[in-house]
Structures are given as C-alpha cells and as structure tokens.
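The structure appears below as structure tokens.
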Amino acid sequence: MKKTNDVQPGPGSASERSESLLDLIAREAHCDYLSDLHSLYLKGQLPEEISQITKDSFGVQQWNEAVSYITRRSLSFTNVQEAQQYLFVKNHTNGDFGS
C-alpha cells in the first residue's frame, strides 16, 4: 500500500508537479494511506479544501481517475469542475451508493 507522504509536493503547474492529485487529496485529508480516502468519502468526511484545488492544477483525466478511485465507481467527466462538484457534493450527502 502506498503511503501518502512518500511523494513531496512540487511547485508550479501540473507538468512541474511531482505530487499526484490523489496524493494531494490524501494529504489534505490527513490520510496515511490512499485507501483511507474510501472510508472518509463513505462517511462524508473529505475535507472542503478539495473543492478549492484550482482547475488548472490537474487535468480532467487526473480528476476522473481520482474520483473513480475514491468512490470506487468508474466515472468520467468532461471537465474538472464537474468532477470536483461530484466529489464534493456526493461526499457531503454521504455519497451515492445505490446507483
């Protein structure tokens, strides 16, 4: 299992960044392991800071992968804002587990 503190945040744009989106989210959520994000999502306890990650920091593909990993659902969005909103809104309504 990958520990989240194995990767140090990088400066500047996403192309210069050494930290993945999942690593950033896990760090913001104070998770020791990426897999901890699943239970935080199920409990509706992902931090609000996720919604504050700028649209230019990571591409839509990275957001699709992150949201799919965290929710354990195969999801695809057409833009970053949709992915952020899905994760943030579903997280704060305790997820969408039945559909």
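The values are calculated or read from the model by the stated rules, or taken from the named source; none is laboratory data. It should be emphasised that the depicted structure is a prediction, and the values quoted were computed from it without experimental measurement. Here the Cβ is made from the backbone with ideal geometry for all residues, glycine too, and neighbour counts use every protein chain on show.
Details
- Top-ranked residue in the stretch 55-69 [being of a type outside the set (G, A, S) and more than 11 Å from Y86 (Cβ to Cβ); ranked as surrounded by the fewest Cβ atoms within 10 Å (Cβ to Cβ)]: D56
- From the list L42, L37, L21, L46, the one residue that fits, being over 18 Å from Q85 (Cβ atoms), out of contact with any Ser or Thr (no Cβ under 6 Å at 6 or more places or on another chain) and at pLDDT 85 or above, is L42.
- Of all residues in the stretch 70-87 being within 15 Å of E49 (Cα to Cα) and surrounded by fewer than 16 Cβ atoms within 10 Å (Cβ to Cβ), the one that is modelled with the lowest pLDDT: Q85
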